[in-house]
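The values are calculated or read from the model by the stated rules, or taken from the named source; none is laboratory data. Just so it is clear, the structure is predicted and the values come from calculations on it, not from any experiment. Every residue, glycine among them, receives a Cβ derived from its backbone with ideal geometry; neighbour counts consider all protein chains shown. Heavy atoms of the whole protein, side chains included, go into the accessibility calculation; ligands, DNA and RNA do not. Shrake-Rupley method; radii C 1.70, N 1.55, O 1.52, S 1.80 Å.
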Amino acid sequence: MTLHPSPILNSLLDTDAYKLHMQQAVFHHYYDVDVTAEFRCRGDELLGSHAEAITAQIALMSQLSLSDDEFAYLSTLPFFTADYLQWLRHFRFNPQQVTVSNHHCKLDIRIRGPWREVILWEVPLLAVISEVVHRSRTPDVSAVAQLRRTLAQFRERSQGIDLSHFKLMDFGTRRRFSRNVQHEIVSVLQQEFPYLIGTSNYDLARRLGLTPVGTQAHEWFQAHQQLGATLANSQRAALHAWLVEYPDQLGIALTDCITMDAFLRDFDLDFANAYQGLRHDSGDPIYWGEKAIAHYQRLGIDPMSKTLVFSDNLHLEKALTLYRHFSQRINLVFGIGTRLTCDIPGVTPLNIVIKLVECNGRPVAKLSDSPGKTICHDAAFISALRKAFDLPRIRKAS
């Protein structure tokens, strides 16, 4: 096996914005909470042979730190507080928190430690895994030619459609082909696609002068399942805690940690008024969007005052379909990831995730609107969660 001693990552900000936004909230409210996260490959890929190369990259990640320029950049943003940024300035990845093994040819990764530190591993580690695997299979490629073909098809199919409200965000860090490919893709979009409004990658946002975008992920809601006295109130507690940290900003709520129906039962008038909108990440997007609009209407809220963010397995053609369906009734934003930053002929993107499985030594779960995305080891806890949120239909955990 050929190892790559040069680091794949060269910036602590080469991560998704929601990781830093959540990390600040954890820093302020859950400083002493411990968590465990695990890697999952949702496909049939046998990635265990790459364990040694991935371990070498994890060791190199301990050298990453916030530069003076990066610190100054973050200090200009309205999201961050001085105490958090001073702490982040001294943050270093601790490779001892991560165990990597080749388990019967499958890649096994487990991360354990304080939530305020573990929270930063997910996105850059997934990017490392993706790049290590793709380097070994298809070195030295460019995605720009394919992107320009995709953009040409989009322009052809959108002829006659008013695109004045079409908004695209790059969500491509986690499963990108490589760091260089993501930079190429976002640079071309910035120059040639007038509908790009931002990127979830803080490093790219800083270097390219783009808006950083992102709020919270599933782990925010998952951890709250073990942070309060009542399981049935955990989702409301998570929504409230986010507003305490960000009362007037970063107001897009993720809806599918415990299914959209369970979310909407908790998303009352106060929450609906306080949050700017909702993000879709599993299940049928049109069905989900119709539910969201109907919910706002039942609460007496004009849907045109709110925003829906679609981010589940999107590509531009699918985004255009959703835009045509919803754009006259509610504001829309499309977050596209893998279908931009790993859209290369002959390359199969990896379907990989890292998710929380424990908080303070107790199980947590994700019961999304797509059964294959359900994650939890503890069948009894899944049953308790389903009962607490009145979800009678059993879905298989994976």
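Below are the figures for this structure:
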read-out: Cut-off 13 Å between beta-carbons: net charge of the residues surrounding residue 157, Lys and Arg +1, Asp and Glu -1; value: +2
read-out: Centroid-to-centroid separation of the range 215-230 and the range 321-341 [C-alpha atoms, Å]; value: 27 Å
read-out: Shape of the range 219-288, Cα gyration tensor, a/c cut at 1.5; value: oblate
read-out: Rounded to the nearest 10 Å², the accessible area of residue 68 at probe 1.4 Å; value: 110 Å²
read-out: With every protein chain in place, the chain: carbon and sulfur % of accessible area (1.4 Å); value: 49 percent
read-out: Computed [θ] at 222 nm, deg cm²/dmol, the chain (DSSP H ≥ 4; -39,500 (n - 2.57); rounded to nearest 500); value: -12000 deg cm²/dmol
read-out: Approximate spin-label separation residue 136-residue 92, in nm, with each point projected 7 Å along Cα-to-Cβ; value: 2.9 nm
read-out: Cα centroid separation, the range 246-285 to the range 78-95 (Å); value: 27 Å
read-out: Accessible area in square angstrom per residue, the range 98-145, 1.4 angstrom probe; value: 40 Å²
read-out: The range 186-241: C-alpha gyration tensor shape, a/c 1.5 cut-off, then a/b vs b/c; value: prolate
read-out: Distance (nanometres) between label positions extended 7 Å along Cα→Cβ at residue 187 and residue 294; value: 4.7 nm
read-out: The chain: antiparallel DSSP beta bridges as a percent of all, rounded to 5; value: 55 percent
read-out: Neighbourhood charge, 9 Å Cβ-Cβ cut-off, centred on residue 198 and excluding it, Lys, Arg +1 and Asp, Glu -1; value: 0
read-out: Rounded accessible area of residue 41 (nearest 10 Å², 1.4 Å probe); value: 40 Å²
read-out: FRET efficiency, residue 44 to residue 211 (Cβ-Cβ, R0 30 Å, nearest 0.05); value: 0.20
read-out: Lysine-lysine proximity count for the chain, Cα under 12 Å, sequence distance 8 or more or distinct chains; value: 4
read-out: FRET efficiency, 1/(1 + (r/R0)^6) with R0 22 Å, evaluated for residue 104 and residue 6 via beta carbons; value: 0.15
read-out: Efficiency of FRET from Cβ geometry, residue 75 and residue 286, R₀ 45 Å, rounded to 0.05; value: 0.60
read-out: Counted charge near residue 53, where neighbours are those whose Cβ lies closer than 11 Å (Asp, Glu -1; Lys, Arg +1); value: -1
